[in-house]
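Heads up: the structure comes next, in structure tokens.
The values are calculated or read from the model by the stated rules, or taken from the named source; none is laboratory data. This is a predicted model, so every value here is computed, not measured. Virtual Cβ from ideal backbone geometry, glycine too; neighbours counted across all protein chains shown. Accessible surface areas use protein heavy atoms only, side chains included; no ligands, DNA or RNA. Shrake-Rupley method; radii C 1.70, N 1.55, O 1.52, S 1.80 Å.
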Amino acid sequence: MEISVLETEKKRIKPEDSKLGFGQFFTDHMFSMDYSEEKGWHDARIEPYSEISLLPAAMVFHYGQAIFEGLKAYRTPEGKIQLFRARDNFARFNRSAKGMCMPEIDVDFVMQALKKLILVEKNWVPGSDGTSLYIRPTMIATDSFLGVRASNTYRFFIILSPVAAYYAEGFNPLKIWVSTDHVRAVRGGVGEFKTAGNYAASLTAGTEAVEAGYAQVLWLDGIERKYIEEVGAMNIFFLMGDKLVTPELSGSILPGITRYSVIQLAQKWGITVSERKISIDELIEAEKAGELKEVFGSGTAAVISPVKEVRYGDKVIKIGDGTPGTLTMKLYNALTDIQYGKKEDTENWIEPI
Ligand SMILES: *Cc1c(COP(=O)(O)O)cnc(C)c1O
């Protein structure tokens with residue numbers, strides 16, 4: 001399939017790197033393509049970033065067939081641009097598509113489209129320390145129909161947003177809040193897919209956490225409400241004694257690409273990593289026994305987020321002395337060095353543009 005390019009006449013002014021924040025500014029162009037049963041994916045195009053016109057009956061507004069991905073392009077010290085494990089993101093996108101009864105995309109084709117889009121927008125890839133170009137591939141259902149079934153037509157698009165360093169004020173440890181009233185997902189549901197509704201389902205609990213003075217929610221499993229699942233938009237890791245423990249993929253946890261990368265690096269360094277069930281009570285006991293050394297979240301936006309406190313009902317679990325742990329720092333540095341091309345990519349994770 002050919003990709004047509006229509007360049008905008010009204011180029012926007014790029015904000016300074018110091019003003020970027022997260023997801024506030026978008027580049028001049030986007031990639032789009034459409035799907036119908038007769039034509040499959042068609043009309044692949046790079047076009048000006050602009051409104052999407054949909055009828056009010058478009059199925060995405062009613063029955064929530066909407067999936068997305070989040071990945072980044074990084075500027076290396078030599079000024080080159082590179083992607084981190086992008087194919088893994090599109091492979092996961094296809095698993096989300098299947099899970100939500102939506103058509104899959106061709107990973108090779110979409111990789112080519114993404115690279116072409118980034119080349120058109122290369123001046124938008126910021127270069128100062130810690131900044132990057134956030135990439136948001138999305139698919140929505142576009143049939144205009146109110147009967148409940150899967151849509152027959154879809155729109156796929158990729159938008160780009162230059163983003164600031166996540167830790168502009170230093171590597172700041174988080175306080176997280178265990179929700180006892182709400183659950184995010186259940187086994188057999190859609191928790192392992194990156195679908196919009198999972199975020200809608202998390203907002204009430206997120207608001208409660210913030211009101212109580214905590215940055216994010218730590219979710220427990222939806223059935224027994226005792227096993228730890230993940231944090232807001234991050235997976236979670238615990239250094240217990242000298243073992244790294246993370247919840248096993250239960251079907252209701254999002255399989256993070258940063259999570260896989262952490263497991264791979266830690267194992268390479270000779271650390272025992274165990275993916276298993278871990279209950280909130282075990283965490284409390286481990287802290288009492290002095291075994292809980294470090295806690296951190298993993299996800300594309302922040303890469304690694306140190307955690308200094310977990311609140312569960314009236315119990316407060318403090319981690320270490322409140323500063324980021326040694327392994328937490330080591331993982332953060334190793335991952336970001338590979339992402340920004342400051343160290344050799346020994347794992348074959350980098351795709352140059
Ligand atoms: C995207 C996401 C993650 C992190 O995945 P990465 O691929 O590491 O960015 C974790 N949990 C949820 C719910 C997510 O949506």
Checklist outcome for this item: Computed ³J(HN,Hα) along the stretch 322-338: with the Karplus parameters 6.51/-1.76/1.60, θ = phi - 60°, integer Hz and x for glycine or proline, the list is x, 9, x, x, 5, 5, 4, 5, 5, 5, 4, 5, 5, 5, 5, 4, 6
Checklist entry - Among all stretches of the chain without exposed GluC sites (Glu not before Pro) (DSSP loop, at most 11 other Cβ atoms within 10 Å), which one is longest? => result 225-343
Item to check | For Glu294, distant residues with modelled amide H under 5 Å away | outcome: Leu239
Item to check | Accessible surface, per residue, of the chain when the full set of protein chains is kept, probe 1.4 Å, Å² | outcome: 46
Checklist entry - Which value, in debye to the nearest 20, describes the size of the charge dipole of the stretch 174-339 about its Cα centre when Lys and Arg Cβ atoms bear +1, Asp and Glu Cβ atoms bear -1, and nothing else is charged? => result 260
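Using a probe of 1.4 angstrom, how much of the accessible area of the stretch 1-82 is carbon and sulfur, in percent?
Here it works out to 51 percent.
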Checklist entry - Any idea what the dipole of the stretch 4-163 comes to, in debye rounded to 20, about its Cα centre with Lys/Arg Cβ at +1 and Asp/Glu Cβ at -1? => result 380
Checklist outcome for this item: In order over the stretch 27-37: 3J(HN,Hα) from phi, Karplus 6.51/-1.76/1.60, θ = phi - 60°, whole Hz, x for each Gly or Pro, gives 6, 6, 10, 9, 9, 9, 7, 10, 10, 9, 4
Checklist outcome for this item: Rounded to whole angstrom, the alpha-carbon centroid of the stretch 57-87 lies from that of the stretch 219-244 at a distance of 25
Next on the checklist: As a test of reading the structure, rank His29, His182 by solvent-accessible area (1.4 Å probe, protein chains only), most first.
Outcome noted: His182, His29
Checklist entry - When the dipole is taken about the Cα centre of the chain, and only Lys, Arg (+1) and Asp, Glu (-1) are charged at their Cβ, what size is it in debye, to the nearest 20? => result 240
Checklist entry - Roughly to the nearest percent, how much of the accessible area of the stretch 174-339 is carbon and sulfur, given a 1.4 Å probe? => result 50
Checklist entry - Looking only at chymotrypsin sites (Phe, Trp or Tyr not before Pro) in DSSP loops with at most 14 other Cβ atoms within 10 Å, what is the longest site-free stretch of the chain? => result 23-268
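Take the Cβ-Cβ distance between Arg276 and Asp108 as r, set R0 to 30 Å, and report the resulting FRET efficiency rounded to the nearest 0.05.
For Arg276 and Asp108, the calculated efficiency is 0.25.
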Item to check | Fraction of antiparallel bridges per DSSP, the stretch 174-339 only, in percent to nearest 5 | outcome: 65
Item to check | Residues with amide H under 5 Å from that of Ser132, placed H, sequence gap 5 or more | outcome: Val163
Item to check | Met1 versus Val186: modelled label distance in nm, points set 7 Å from Cα along the beta carbon direction | outcome: 3.7
Checklist outcome for this item: From the cross-link list Lys226/Lys268; Lys175/Lys343; Lys19/Lys72, the entries with a Cα-Cα span beyond 20 Å are Lys226/Lys268; Lys175/Lys343
Checklist entry - Whole-Hz Karplus ³J(HN,Hα) for the stretch 56-64, in order, using 6.51 cos²θ - 1.76 cosθ + 1.60 and θ = phi - 60°, x for Gly and Pro? => result x, 7, 3, 4, 4, 6, 10, 10, x
Item to check | Sparse-neighbourhood loop sites, trypsin sites (Lys or Arg not before Pro) in the stretch 1-102 - DSSP loop, at most 11 other Cβ within 10 angstrom | outcome: Lys10, Lys39
